[in-house]
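Novice: What follows is a single structure, and I will ask about it in a moment.
Each reported figure results from applying straightforward, stated rules to the coordinates on display, with no laboratory input. This is a predicted model, so every value here is computed, not measured. Cβ sites come from the backbone with ideal geometry, for glycine too, and all protein chains shown count toward neighbours.
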Ligand SMILES: [Mn+2]
């Protein structure tokens, strides 16, 4: 596989590591999230490394693209693989950017971050609550990832939700800090969402949080999602006010011949790295 932004420094010299996890074991609607990491990295070749908004250039900055994590035989085993790999990277003091792959993988990465940052909060951007207890025979299914993350003791803030699972709507109703998409017409929710997070924040970005008009390439598209500048305004606030310690971007399910969503995913990651390191 190529390197994110077309350049990779040696691991020992890197600040940020890109970890591709092409896993798609439990998706239920459209398959293809295993093709996401490669599509993001290929599209990233076309991103200008100079960012006018932050007046900075990521060329030579210190990003190392790792080889893809291999697929395990079961989703439970895959979690263990993600967990031990991310833990190793955090022990080496790397800032980990994980590329999915389906959303289930976030649990392994969150667990590893929680070991290092005991007060970790998780910001999830997603169309779905992902709060089922178990789905299709597995508690590690992508539809359960936020239940697992909550069990691990992390505070959570969920943004952009507009599809609530039918198995446990009462459980979802009781949750604090879900920012529903239908209440996000203006930006007034943003400060409340930021304030609900602790100091150390892990961001799990399911691309179906975006509106399908700009992000059709996901396995479970839902109408009424977030738009590009709204999302960037929000993320910028989060990076300004909090210590973001890692993030993932998951669920890109590329559509053949349609490059704009792949490019958008690459640009989102690039923006988030710039917000982490280059805000003045
Ligand atoms: Mn999700």
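Novice: Show me the ranking of peptides 206-215, 162-171 by mean Cβ neighbours inside 10 Å, starting with the highest.
Specialist: 206-215, 162-171
Novice: Give me the one-decimal nm value for the distance between modelled label points at residue 237 and residue 164, 7 Å along each residue's Cα-to-Cβ direction.
Specialist: Simple spin-label model gives 2.3 nm for this pair.
Novice: Each label point is 7 Å from the Cα along the Cα-to-Cβ direction; what then is the distance between the points at residue 195 and residue 116, in nm?
Specialist: Placing both labels 7 Å beyond Cα along the Cβ direction yields 3.1 nm.
Novice: Here's another thing I want to ask about it. 7 Å from Cα along Cα→Cβ at both residue 31 and residue 187: what's the point-to-point distance in nm?
Specialist: The answer from the label model is 4.3 nm.
Novice: Ok, one more. As a check on your grasp of the helix formula, calculate [θ] at 222 nm for the chain: sum -39500 (n - 2.57) over DSSP H runs of n ≥ 4, divide by the residue count, round to the nearest 500. The partial results should precede the final answer.
Specialist: Details: 8 runs with 88 residues, N = 280.
Value at 222 nm, helices only, nearest 500: -9500 deg cm²/dmol.
Novice: Give the peptides 130-136, 253-259, 224-230 in descending order of average Cβ contacts within 10 Å, highest first.
Specialist: Top to bottom by mean Cβ count within 10 Å: 130-136, 224-230, 253-259.
Novice: Full-extension gain between residue 151 and residue 277, please, as 0.36 nm times their residue separation minus the C-alpha to C-alpha distance.
Specialist: Going from the current span to full extension adds 42.3 nm.
Novice: Here is a further query. How much length, in nm to one decimal, is gained on full extension between residue 84 and residue 228, taken as 0.36 nm per residue of separation minus their Cα-Cα distance? Please report the intermediate quantities before stating the final value.
Specialist: On the way: separation 144, 0.36 × 144 = 51.84 nm, distance 3.32 nm.
Answer, rounded to one decimal: 48.5 nm.
Novice: Further question on the same structure: Mind checking which of 139, 173, 242 has the largest fluctuation in a GNM of the chain, springs on alpha carbons under 10 Å?
Specialist: 173
Novice: Further, regarding this structure: List the relative contact order of the chain as a percent without decimals, with contacts defined as Cα pairs under 8 Å and 6+ residues apart.
Specialist: RCO, the chain: 23 percent.
Novice: I'd like the distance between the alpha-carbon centres of region 67-92 and region 186-228, rounded to an integer number of Å.
Specialist: Region 67-92 and region 186-228 have Cα centres separated by 25 Å.
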